[in-house]
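Trainee: Could you have a look at this structure, given as structure tokens, before my questions?
The values are calculated or read from the model by the stated rules, or taken from the named source; none is laboratory data. Quick caveat, the model's predicted, so the values are computed rather than measured. Heads up, the Cβs are rebuilt from the backbone with ideal geometry, glycines too, and the neighbour counts pull from every protein chain shown.
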Amino acid sequence: MTEEEVLLEIKRLGINGEGIGFYRRLAVFVEDAIPKEVHRIHLTPTSEKMIVTESLERVKTSPMRINASCPYYHHCGGCNTAHIRYEAMLEWKRDILIECLARYTTLRYRQFEIRKTIPSVSPIGYRNRSQLGVRKKESGRLTCFMLKKNSNLPVDIDTCLVQHPKLNEVNQKILKLADELQISPYVSKLQKGILRYLILRMNAKEQVLVCLVCGEKSPKISLLAEKVSHIPGVVGVYESWNPSKKRDEFFGEEMHLLYGDPYVVEKIGKISYRLYPDTFFQLNTAQAQVMYDVILKACKLSRKEVVLDAYCGVGSIGLYLASMAKEVIGIEYHSSSVEAANQNKEINHIRNAKFLQGDVVSLLPKMIKEGKKFDVIVFDPPRTGLGKELIQTVLSAKIPRLVYASCNPATLAKDLELLSKEYQVKYITPIDMFPQTALVEAVCSLVLKKEDQ
């Protein structure tokens, strides 16, 4: 292959929102390109089967392209599909799932139902949590920022369209108060400064928890926290000290409640959950109930079944299923999440659920060996998927029904290929939990194959 400029027709969308075309059997990934467009691109010699490049010119524009309404969209790395009509993006999210099944499995996916993507209740303003860095503008005023995609360059942000407007409002008021107190921002390169991150969590009642993450300890933070506690909607203010050099670690080892309530209570359906600043919980609350209803329906419960909620977190799915099950057992690796799950069980007066701390990979085979029988397993694993060892345990145990909630269509497909030795896929329901991004959640229903299959 020689160095050249070519016209490339975009055939489909990639899992990171890039356009994909093909040139002489080479898969070409093009940023800011969407299906049914033609782009002029520059190709350099490569021995790989794929190449990532940028568009030099958009020669033909798709009717599905729109102007992103966010002023930071082409700089900030938070969203990657805001330039695509929402209705088209829903179809393409389903297509991303189908493409992963075709690429990573031998399943005859046309023999089971892949449903239409369920749209988000709201395509903007849906995030119930804000997590932004703090720095100083050229004007000297403090601002929130995110990092530009694939770089360490900050992008100043006054308002984020996918965050709930209340969070944007509170962030700006905190910055103004910090300016008035002359609180310096933390500068990573110098490892100096006070205010490093603003982390906010909100429930459906618009009650907000604030965590002021600091690089240096300062008495000014107590003054700031007192003022922040008077912002309308703020019910609790924490401080966390984090001098770590790592940019991907937001909270420090300790959090201290300085003012107000230690948690907010969120409701999904009839179930209440206590949420702290660092609680792992669905970011799109309204859509979480949609997903949980899809999971509940897939479980086909009749109050006679024993359900295992693997990777149970704070018990959000297991507790949602409990009223329709005989018993729910949750397994979670992080002890703080298990503690929160048990708290949530108590405040909801649920007596048929229990939560165990441990690694599901080692704990599940032990439970099965001791004679514990499950009728349904619900999986909601991290993006890395289930892993071969856990899948082998499930295949050997022959649990009648599996419900797999996935946040990564590639690992879902790879896991389904292994599970298909003993299980039949009934249907997959894609769900849009994160509008303006290419991320797609999916709930898959599987049943144990009959012996003659």
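Trainee: Please tell me if E249 is modelled with pLDDT under 95 and surrounded by fewer than 19 Cβ atoms within 10 Å (Cβ to Cβ).
Mentor: It is true that E249 is modelled with pLDDT under 95 and surrounded by fewer than 19 Cβ atoms within 10 Å (Cβ to Cβ).
Trainee: Which one of I174, I183 is of a type outside the set (F, W, Y), modelled with pLDDT of 95 or more and not in a helix (DSSP H, G or I)?
Mentor: Of the residues listed, the single one that is of a type outside the set (F, W, Y), modelled with pLDDT of 95 or more and not in a helix (DSSP H, G or I) is I183.
Trainee: A further question on this structure: With the checklist (1) touching a residue at least 40 places away in the same chain (Cβ under 8 Å); (2) under 26 Å from E441 (Cβ atoms); (3) buried (at least 20 other Cβ atoms within 10 Å of the Cβ) in hand, flag the one item V228 doesn't pass.
Mentor: (2)
For (1) in contact with a helix residue (DSSP H, G or I) (Cβ under 6 Å, 6 or more places away or on another chain); (2) outside the structural domain of A225 (by TED's automatic domain parsing); (3) aliphatic (A, V, I, L, M), each residue gets a yes or a no:
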site	(1), (2), (3)
L257	no, no, yes
G260	no, no, no
Y276	no, yes, no
T279	no, yes, no
A288	no, yes, yes
M291	no, yes, yes
V294	no, yes, yes
A298	no, yes, yes
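Trainee: Another question about this same structure. Which of the residues belonging to region 429-453 are assigned to a loop (DSSP other than H, G, I, E, B) and under 21 Å from the mean Cα position of the chain (by Cα)?
Mentor: Scanning region 429-453 gives D432, M433, F434, P435, Q436, T437, A438, L439, V440.
Trainee: OK, next. Taking into account only those residues within region 6-20 that are among the β-branched types (V, I, T) and closer than 17 Å to I98 by Cα, which is modelled with the highest pLDDT?
Mentor: Per the stated criteria, the residue is I20.
Trainee: Still on this structure, please answer the following. Might you check whether a residue that is on the phi < 0 side of the Ramachandran plot, part of a helix (DSSP H, G or I), over 21 Å from the mean Cα position of the chain (by Cα) and surrounded by 16 or more Cβ atoms within 10 Å (Cβ to Cβ) occurs anywhere in region 103-113?
Mentor: yes
Trainee: Do we have any residue at all in region 91-98 that's out of contact with any Cys (no Cβ under 9 Å at 6 or more places or on another chain) and outside any helix (DSSP H, G or I)?
Mentor: Scanning region 91-98, I find no residue that is out of contact with any Cys (no Cβ under 9 Å at 6 or more places or on another chain) and outside any helix (DSSP H, G or I), so the answer is no.
Trainee: From the set of residues in region 19-37 that are crowded, with 19+ Cβ neighbours inside 10 Å and touching a residue at least 40 places away in the same chain (Cβ under 8 Å), which is nearest to the chain's Cα centre (by Cα)?
Mentor: Looking at residues that are crowded, with 19+ Cβ neighbours inside 10 Å and touching a residue at least 40 places away in the same chain (Cβ under 8 Å), I get I34.
Trainee: Same structure, new question: In this structure, is K297 among the basic types (K, R), surrounded by fewer than 21 Cβ atoms within 10 Å (Cβ to Cβ) and in contact (Cβ under 8 Å) with a residue 24 or more places away in the chain?
Mentor: no
Trainee: Is there a residue being farther than 22 Å from S316 by Cβ, of a type in the set (G, A, S), surrounded by fewer than 18 Cβ atoms within 10 Å (Cβ to Cβ) and assigned by TED's automatic domain parsing to the domain that holds Y292 anywhere in region 421-443?
Mentor: No, because not a single residue in region 421-443 is farther than 22 Å from S316 by Cβ, of a type in the set (G, A, S), surrounded by fewer than 18 Cβ atoms within 10 Å (Cβ to Cβ) and assigned by TED's automatic domain parsing to the domain that holds Y292.
Trainee: Does R12 fit the bill of being closer than 21 Å to P409 by Cα, over 22 Å from the mean Cα position of the chain (by Cα), surrounded by 14 or more Cβ atoms within 10 Å (Cβ to Cβ) and not assigned by TED's automatic domain parsing to the domain that holds C444?
Mentor: So R12 fits the description; yes.
Trainee: Something else now. Tell me yes or no: at least one residue of region 412-420 is among the small types (G, A, S), in contact (Cβ under 8 Å) with a residue 40 or more places away in the chain and in the same structural domain as R108 (by TED's automatic domain parsing).
Mentor: yes
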